[in-house]
Amino acid sequence: MSGILPEHPMEFRELEERARHAMSPSVWSYVAGGAGDEHTQNANRAAFAHWGLVPRMLVGADRRDLSVDLFGLTLPSPLFMAPVGVLGICARDGHGDLAAARAAARTGVPLVASTLSADPLEEAAAEFGGTPGFFQLYTPTDRALAESLVHRAEKAGYAGIVVTLDTWVAGWRPRDLATSNFPQLRGHCLANYTSDPAFRALLPGGHPDDARDTALTWARIFGNPLTWDDLPWLRSLTTLPLILKGICHPDDVRRAKDYGVDGIYCSTHGGRQANGGLPALDALPAVVEAAGELPVLFDSGVRSGADIVKALALGATVVGVGRPYAYGLALGGTDGVAHVLRALLAEADLIMAVDGYPTLADLTPAALRRVCCGT
Ligand code: FNR
């Protein structure tokens, strides 16, 4: 804050616009862009307008409780930061992962730390304060490396492992292809690899001194197209809560439960991976129903407190944002991230107050009406 005016935008469109100017064109392409003509990315957002919260009066909503239990932890709010790889390029000092981790400490909003970070996972964890953090695993083809990453996350105190299933290969992203972005991004996201003995063992010389060798080795092992047959191995990697990210079909939820996973993460990767898909919000109700008692993490297209409230009412246990906090980071580092998270939560809290839903338990599908049909 400077004086009485907030330093950073209060409204998403302005946040996005200001972030665009703060970023170089190639960073902007990478963060803001999506797959194909970005239909799914846009549909993720549009889906929220198809639902409206029905106000309830006289319920005594002057006090709200936004706390939520997740894997035995009590979180102060149902918001989290989705894993954003190459976050360092959004930060002036290159340490975007540390800045996001510090914002988690300040706000109590957990960070799901990406495998693709500029800061090793241990250094991010050291900044979490009392806020739990989760580690997102991109499963490499080399099993020893996967095991090592998970064990490092356990040792560093992470509270759960999120395995992303939809990104063993990068999607068709015209903006990144047009700016030839992928090779240059690589230099900003390999800290977890180069700090890992299992990765170094794969390098020709055994040391990450040669950038070309490192990049080639990384490209060779990055993505493992997992199948259900790999689930027992994945489950065996950790006793921490295991969460599968990118699940949008109820049959996949049921199958995942058979393998003993602890949480389902319904997401279309913010529309970055495959175009032409169902908006994540539209996939959510069936995923929630199939998940039963399992917690459901949700992201893709959340831009406001109202969006958070709607996703909760449709059954999400906790709701994540990706691009919004990356924009906050570009504008104001840790302060900018904390600003974005606090603004989202303040709006959600006020909606719950005004519309008469004082706790998360009050937010059920009965609180919503479908606003427009025909989609
Ligand atoms: C992502 N996302 C992502 N997901 C993941 O599991 N691991 C990762 O490293 C990344 N990297 C990444 C980079 C950038 C720049 C973005 C914008 C997103 C996807 C992310 O976790 C989340 O699913 C989406 O960002 C949610 O959509 P919104 O909030 O950006 O619309």
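Structural remarks
- In Hz, Karplus ³J(HN,Hα) per residue of the range 52-57 (6.51, -1.76, 1.60; θ = phi - 60°; x = Gly, Pro): x, 7, 8, x, 10, 10
- Which of SER67, SER267, SER180 has the fewest Cβ neighbours within 10 Å, and the rest in rising order: SER180, SER67, SER267
- Counted by Cβ distance under 12 Å from ARG18, the other residues give a net charge of -3, where Lys and Arg count +1 and Asp and Glu count -1.
- ALA201-ARG106 FRET efficiency (beta carbon distance; Förster radius 56 Å; 0.05 resolution): 0.90
- Around GLY246: net Lys/Arg minus Asp/Glu count, Cβ-Cβ under 12 Å: -1
- Global geometry of the range 132-234, whether rounded, prolate or oblate, following the gyration tensor of its Cα atoms and the 1.5 cut on a/c: oblate
- Counting 0.36 nm for each residue step from ALA126 to ARG370 and taking away their Cα separation leaves a gain of 83.5 nm.
- Cβ-based exposure ranking for LYS310, LYS155, LYS245, in which fewest neighbours within 10 Å come first: LYS155, LYS245, LYS310
- Here the 3J(HN,Hα) profile of the range 165-171, calculated from phi with Karplus coefficients 6.51, -1.76 and 1.60 at θ = phi - 60°, is 9, 9, 9, 7, 9, 6, x Hz, Gly and Pro shown as x.
- Close amide H pairs (under 5 Å, H built 1.01 Å from N) link ALA159 with GLY133, PHE134, PHE135, residues at least 5 positions away or on another chain.
- When ARG143, ARG200, ARG272 are arranged by Cβ crowding within 10 Å, least crowded first, meaning fewest neighbours, the order is ARG143, ARG200, ARG272.
- Net charge dipole, the chain: roughly 420 debye, given to the nearest 20, about the Cα centre with Cβ charges of +1 for Lys and Arg and -1 for Asp and Glu.
- Inter-label distance for SER180 and GLU154, nm, one decimal - labels placed 7 Å from Cα along Cα-to-Cβ: 4.4
- If you plug the beta carbon distance of GLU147 and GLU289 into 1/(1 + (r/R0)^6) with R0 = 35 Å, you get a FRET efficiency near 0.55.
- Convex hull volume of the C-alpha atoms in the chain, normalised per residue: 134 Å³.
- Restricting attention to the chain, close to 25% of DSSP beta bridges with both partner residues there are antiparallel.
- Computed label-point distance, nm, for sites LEU278 and PHE71 using a 7 Å Cα→Cβ extension: 2.6
- Between TRP172 and HIS39, the simple label model (points 7 Å from Cα in the Cβ direction) yields a spacing of 1.1 nm.
- Derived scalar couplings ³J(HN,Hα) [the range 205-221; Karplus, 6.51 cos²θ - 1.76 cosθ + 1.60; whole Hz; x for Gly, Pro]: x, x, 10, x, 7, 8, 4, 5, 4, 4, 5, 5, 5, 4, 4, 5, 9
- Per-pair calculated FRET efficiency, R0 = 35 Å: TRP233 and ALA49 via Cβ, rounded to 0.05: 0.25
- The slack between ARG92 and LEU216, meaning 0.36 nm per residue of separation minus the straight C-alpha distance, is 41.9 nm.
- Potential extension, THR194-HIS249 segment - 0.36 nm per residue separation minus Cα distance: 16.3 nm
- Per-residue packing, averaged as other Cβ atoms within 10 Å, sorts the ranges 250-258, 42-50 into the order 42-50, 250-258, beginning with the highest.
Values quoted throughout were computed directly from the atomic coordinates according to the rules given, and no laboratory measurement underlies them. A quick note: this is a predicted structure, and the numbers were derived from the prediction, not measured. When we count neighbours, we look across all protein chains shown, and the Cβ atoms used for this are built from the backbone with ideal geometry, even at glycine.
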